[in-house]
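The values are calculated or read from the model by the stated rules, or taken from the named source; none is laboratory data. Note that this is a predicted model, so its numbers are computed, not measured. No Cβ is skipped: glycine too gets one built from the backbone with ideal geometry, and neighbour counts run over all protein chains shown.
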Amino acid sequence: MKGTIAEKILRGHLVEGELLAGREIGLRIDQTLTQDATGTMVYLEFESMGLDRIKNELAVSYIDHNVIQTDYRNADDHRFLQSAAKKYGVILSQPGNGVSHHIHRQRFGIPGKTLLGSDSHTTTGGCLGMLAMGAGGISVAMAMAGLPYYINVPEIWRIRVSGSFQPFVSGKDLILSLLKDHSCSAGIGRIMEFDGPGLRTMDMAARATVANMSVDMGFTACVFPSDEVTRDFLARNTRAGDFRALAADPGAEYERTTELDLGDIEPMVACPSNPDNVKPARELAGVRVHQVIIGSSCNGDYRDFMIAAKIVEGKLRHPELSFEINTGSRQTLENILAAGGLRALIDAGARVHEPGCLGCIGMGQAPATGTNSLRTFPRNFKGRSGTLDDAVYLCSPETAAASALAGSITDPRTLGDCPAVEYPDTYSFNPGWFILPPGSGGEVELIKGPNIKPFPRFPALEDAVRGEVLIKVKDDVSTDIIMPAGTQVLPLRSNIPEISKYVFYVIDKDFAARAAAKGGGVVVGGDNYGQGSSREHAALAPRYLGVRAKIAKSFARIHKENLIDFGILPLVFADPADYDNIAQGDLVEIGGLRAFVASDRSELAIRVGGSEVKAVLDVSPRHRRILLAGGVLNLVRD
C-alpha cells in the first residue's frame, strides 16, 4: 500500500482503530520526554497509577524551564524529578544541559519512531523523520505506562519545496511565511509533511525550526523525510547507526498540497501578539527595539548562533539595546565556543545565558515597560514574556543579529554579502551530562518538598451543571492567557491549590476569587480556544476551581484533550452566532448530562438566561467514558 511518511509511521504503530479519516486511533509510543514545568505533574500522575517502572522504550526527563531558583521551590522540584527518574527508569537531563527539543534530536531521536512529550513543541522531533507530538502531561504519563496515545486520524498536508533560500533567509522565514498565508489554526487535525527537491538545501537547523513552530499553526505533527541531511546530522552527532532512510512512496496521496519555491521567501517578522501576525522585515524597517534574544527552543542550533556571530563579528550592538544569547543545549554552547562564535558574540556586547528556555516561558529576560523585544522564539502571546503589556516580535537569527547592530528592525539583506557557516566534522559532547537510572528503582524514595502537593481527586460527572458564565474571551486565546507562566507562577506547577489562583490572571485578576465565590461555573470562548502550550494546568486548575464546562466556537487540539482528561466538557456552539448572545454573568443550566454523555448523541440544549442555545459534544466513545468518570485518572484507577 502506497503511503506518505506519516501514514507509514502511523500504520507501524497502530494498536487500536483503523486508519480512516477522522476516526480515533490508538498509537504505540516509543519515546517520551517531559520538561520540569509539566514534568512534576507527569510523575505525580505516574505515581498515582501505582506502577514501578516505565513501559515504553525510552523516557527522558529534562529540566529546562524552571531553572531560575529565586527560592526553594524550583530546587525542590528538581530534586523530586531526579528521584522520580531514578525510581521509574528515566534518563535525567539536569539544569544547564539545555532545551529538551534540541537535546533530544541531538542525542536520542531516531527516524521512524514515535515521540510524545509534555511540551507542545515536541513536534521539533519531526525534523529527523519522527512522528513527534506534544500532549498534556497525563497523556505522557499514560504512554510511559505502556498505554496507547489517541488521536483522530489526521489529514496529511504536503509542503513541496523547490529551489533554495536567498542569502540571509532561513527556516524561520519559511515557517513565518506559512503562518502569514494560512493562520495559526490552519493545521488543526492535520500533519504537515515535507518533500520536494528543495529539501536538499534545507539543513537540520531549518528543519528543526519549521517542525518546532508547526504546532503554532495548529498541526499535530510535522514530518520531514529521513534523507542524506538526516544521515549527515546523525553522523556528526556520532549516531550514524541510528539512521534509517524514510520517504513517502511515489504516488502517495495527500489531502492538500502547497508548492513553495524557497527562493521566493524573504526575511519575515511576526508582530505582536500572535505568531501569525506576520509582515516582511523590509516593511518594519526602522521599528525601534530595545532587546534582541537569539535561541531557546526555536533557533537554538549551532548554525543559528554561528550565522549571528559572523554577522556581528568585529562590530558592537546598539548602545540602547540588550543583546542576549540562549543556546539550545550545552552541546551547542561548547561547539560554538570551540568554533570562535561565542567570542564574536561576547565581543559584540552579547549577554550569554545558560542553555534553557528562559525568556521564552517568561523565566527571566522580561522586557522593559513600553519597549519592543525582538526574539527568535516561537511565541509572542501577550504577557508571555513576563511583562504584561509587552510588544514581542519574532524573527530569524539573521534578522535578529542585523537588528541588534542597528537598534531597529532591519532586513538583513541590506548588510551585503552573507557569511557562510561550516559545521564541525563531529560535535563535541560529554555523555556524563546525563544521569542514567539504576537497574531497579524499588528502594528509591520520592523526594517531595513542601510545595509539592498531592494530585487532586475529582468526582464523577454530575447529572446537571448549573452556574454562571465566569468569563467570556475572544478568538485565539492561548494557554498562556488561561494559565500564565513566568517567575511568579511557574514554581507553583506542583501545587494545584496555589497555581489555581492565577487562572486568567493576565486578563482578569479576579477570576479565581469569583470562581471560588460562585462555586465554579462555565467559561465561554471564541475560535481556536486554548492554542499554544500543552500545559495541562490550563485545564486542571480551572477544574480545581469548579469549572465543569467550556463552550467555544472551536478548540485547539491539545487543550481539548486536556479538558476531557480532567473531566471538563468541551462544548462547541452549534451556531457560532450564539457566541454573541452570551455574556459574562449569565446563568447556564445543562441537565440530563449523564444520559447524554453515555449515549451517542452529539447535540444538546443549554439554557442560558431565559433562552436556549444548542451545543455539540464532538468526542469519541473513549472520551465519553473519561467524562463520565470525571477524568482519565479516575477511569484508569477503576
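What to note about this one:
- Qualifying residues in the range 290-306 (those that are farther than 25 Å from Ser478 by Cα and in contact with a helix residue (DSSP H, G or I) (Cβ under 7 Å, 6 or more places away or on another chain)) - the one surrounded by the fewest Cβ atoms within 10 Å (Cβ to Cβ): Arg303
- Among (1) assigned to a loop (DSSP other than H, G, I, E, B); (2) buried (at least 24 other Cβ atoms within 10 Å of the Cβ); (3) more than 19 Å from the chain's Cα centre (by Cα); (4) charged (D, E, K, R), the one test that Glu398 misses: (1)
- Restricting the range 48-78 to residues that are out of contact with any Phe, Trp or Tyr (no Cβ under 8 Å at 6 or more places or on another chain) and closer than 21 Å to Leu635 by Cβ, the residue that is surrounded by the fewest Cβ atoms within 10 Å (Cβ to Cβ): Gly50
- Residue satisfying all of: in the range 389-430; over 20 Å from Thr332 (Cα atoms) and among the acidic types (Asp, Glu); modelled with the lowest pLDDT among these: Asp389
- Looking only at residues of the range 501-523 that are touching a residue at least 60 places away in the same chain (Cβ under 8 Å) and not in a loop (DSSP other than H, G, I, E, B), we find that the one that is nearest to the chain's Cα centre (by Cα) is Val522.
- The residues listed here are Gly546, Gly521; of these, the one that is surrounded by fewer than 23 Cβ atoms within 10 Å (Cβ to Cβ), in the same structural domain as Asp586 (by TED's automatic domain parsing), within 23 Å of Gly609 (Cα to Cα) and of a type outside the set (A, V, I, L, M) is Gly546.
- Of all residues making up the range 9-39, the number that are crowded, with 16+ Cβ neighbours inside 10 Å, more than 21 Å from Arg244 (Cα to Cα) and among the charged types (D, E, K, R): 2
- All of Gly370, Gly359, Gly386, Gly349 fail the test of being under 17 Å from Leu321 (Cβ atoms), of a type in the set (Gly, Ala, Ser) and at pLDDT below 95, apart from Gly359.
- Filter pass, Ala37 being in contact with a Pro (Cβ under 8 Å, 6 or more places away or on another chain) and either more than 18 Å from Leu147 (Cα to Cα) or assigned to a strand (DSSP E or B) (or both): no
- Restricting the search to strands (runs of 3 or more DSSP E) fully inside the range 539-636 and requiring at least 1 residues that are in contact with a helix residue (DSSP H, G or I) (Cβ under 9 Å, 6 or more places away or on another chain) and free of Cβ contacts under 8 Å to residues at least 40 places away in the same chain gives 547-552, 603-608, 611-616.
- The residue that is nearest to Phe305 (Cα to Cα), counting only those in the range 204-241 that are charged (D, E, K, R) and surrounded by 19 or more Cβ atoms within 10 Å (Cβ to Cβ), is Arg207.
- All told, Ser440 falls short of being assigned to a loop (DSSP other than H, G, I, E, B), buried (at least 24 other Cβ atoms within 10 Å of the Cβ) and modelled with pLDDT under 95.
- A single entry from Asp475, Asp480 fulfils the requirement of being in a loop (DSSP other than H, G, I, E, B) and among the acidic types (Asp, Glu): Asp475.
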